[in-house]
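Worksheet: one structure, shown below.
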Amino acid sequence: MDYLPSDHVRLSEDGRAVVYLDQSKLPWKEEFKTVTSIRDMYEAILGLEVRGAPCIGVFAAYAMYVAALKYADKDYETFKESFHKDGEYLNSSRPTAVNLSWAIRRMEGLVEDNSSAGVGQIITMLKKEAEEIHSEDIGLCRRIGENGLTLINDGAALLTHCNAGALATTRYGTQLAPVYIGMERGMHFKLYVDETRPLLQGARLTAYELARAGVDTTLLCDNMAGELMKAGRIDAVIVGADRIAANGDTANKIGTSALSVLANYYHVPFYVFAPYSTIDMSTASGEDIVIEQRAAEELTEKYYVHRMAPEGIKVFNPAFDVTDHELISAIITDRGVLRKPYDKSLKEVF
Ligand code: MRU
């Protein structure tokens, strides 16, 4: 199977820059970019060149290591202060996916916990930690896939939204992990891919990586999903997550919540896939999740040859929505398949 390389986010050969596949150019161009400044790293996340919650986490870990190299000659207190400042800045690039702050906090924790080690030693540890976050991601996705396969049968027709595949992680994906791991075992699936307006992560990214892996893939506009479910052609809806609150409410790409309502109406299982790093037990419910609002041009102009709305029109463009926990049939994590009531099952596992 032609997987995307697991190093589509990595350190440069000399270890002094972060290299990443620019997802904003897919599928028409496979371009790798190299960044060294924290400002360029911030822009890469904001501009969705690096996107998908776990992938953002891996990128942020490498970014913090590369940032640290700039003040390697400073004393511990100055080093810590600069590191924290860069961390705060990077963390402000996008608010919803918790993996960003999770990875930054993990790197910062290492600096805090090793005040007596000396800055040179801390930098070596930061590099190791970033590499660990990267390799851990591959293992987490693999386990999510294994757990997902306990719910998904050979031959199933699955509907996806956004991209929670290999591109959104560093291999296998979360939502797509059972598909890839099942295929490794000779299973076959039929994938229906929502194009995912307005930034087309489904059409540009999910369709691209599934087709590349040889999966039977059909693209549809977001508003066609109900028609498929009504006709009984979908066995399960599979989605990723950007942040799961302690009660199971799940923030994911805008449109996910509407899909969950459709799935429940038509009695189609609605499954959320996520690693432990996406579960935020400090957020009580979906009401406490900050939803990113994005630029109006993404609706009115982006991906159109000509502007498609009148000048000056008011625009509503949230990047995510929150799916009510009651509408989720199961949350599939690296630590197992969780069922309702999620406040209880999440607490037990996390
Ligand atoms: O705005 P994006 O493309 O970063 O949004 C990504 C999603 O909503 C994904 O479904 C989510 O991050 C899960 S990725 C495994």
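Within region 299-350, which residues are under 30 Å from I152 (Cβ atoms), surrounded by fewer than 14 Cβ atoms within 10 Å (Cβ to Cβ) and within 16 Å of the ligand (Cβ to nearest atom)?
Within region 299-350, just P318 meets the criteria.
Return the only residue of Y20, Y42 being surrounded by 15 or more Cβ atoms within 10 Å (Cβ to Cβ), assigned to a strand (DSSP E or B), within 16 Å of the ligand (Cβ to nearest atom) and not assigned by TED's automatic domain parsing to the domain that holds L205.
Numbers: Y42 fails: assigned to a strand (DSSP E or B).
Just a single option satisfies the conditions, and that option is Y20.
From G57, G145, which residue is in contact with a helix residue (DSSP H, G or I) (Cβ under 9 Å, 6 or more places away or on another chain), farther than 28 Å from D288 by Cβ, part of a helix (DSSP H, G or I) and within 13 Å of the ligand (Cβ to nearest atom)?
Being in contact with a helix residue (DSSP H, G or I) (Cβ under 9 Å, 6 or more places away or on another chain), farther than 28 Å from D288 by Cβ, part of a helix (DSSP H, G or I) and within 13 Å of the ligand (Cβ to nearest atom) holds for just one of G57, G145, which is G145.
Which one is surrounded by the fewest Cβ atoms within 10 Å (Cβ to Cβ) among residues in region 148-177 that are in a strand (DSSP E or B) and not β-branched (V, I, T)?
A157
Condition first: in a strand (DSSP E or B) and surrounded by 24 or more Cβ atoms within 10 Å (Cβ to Cβ). Now tell me which residues in region 229-245 satisfy that.
Those that are in a strand (DSSP E or B) and surrounded by 24 or more Cβ atoms within 10 Å (Cβ to Cβ): V237, I238, V239, R243, I244, A245.
So E132 fits all but one of (1) assigned to a loop (DSSP other than H, G, I, E, B); (2) closer than 30 Å to S282 by Cβ; what number is the exception?
It fails just one condition, (1).
Listed residues L90, L48; which is outside any helix (DSSP H, G or I) and either within 16 Å of the ligand (Cβ to nearest atom) or over 19 Å from S277 (Cα atoms) (or both)?
L48
Kindly indicate whether L205 is of a type in the set (A, V, I, L, M), near the ligand (Cβ under 10 Å from one of its atoms) and outside any loop (DSSP other than H, G, I, E, B).
Taking the combined requirement at face value, the residue satisfies it.
Examine region 106-114 for a residue that is over 24 Å from D14 (Cα atoms) and part of a loop (DSSP other than H, G, I, E, B), and state whether such a residue exists.
yes
The values are calculated or read from the model by the stated rules, or taken from the named source; none is laboratory data. Note that the structure is predicted; figures quoted are calculated from it, not measured. As a convention, Cβ positions derive from the backbone with ideal geometry for all residues, glycine included, and neighbour counts pool all protein chains shown.
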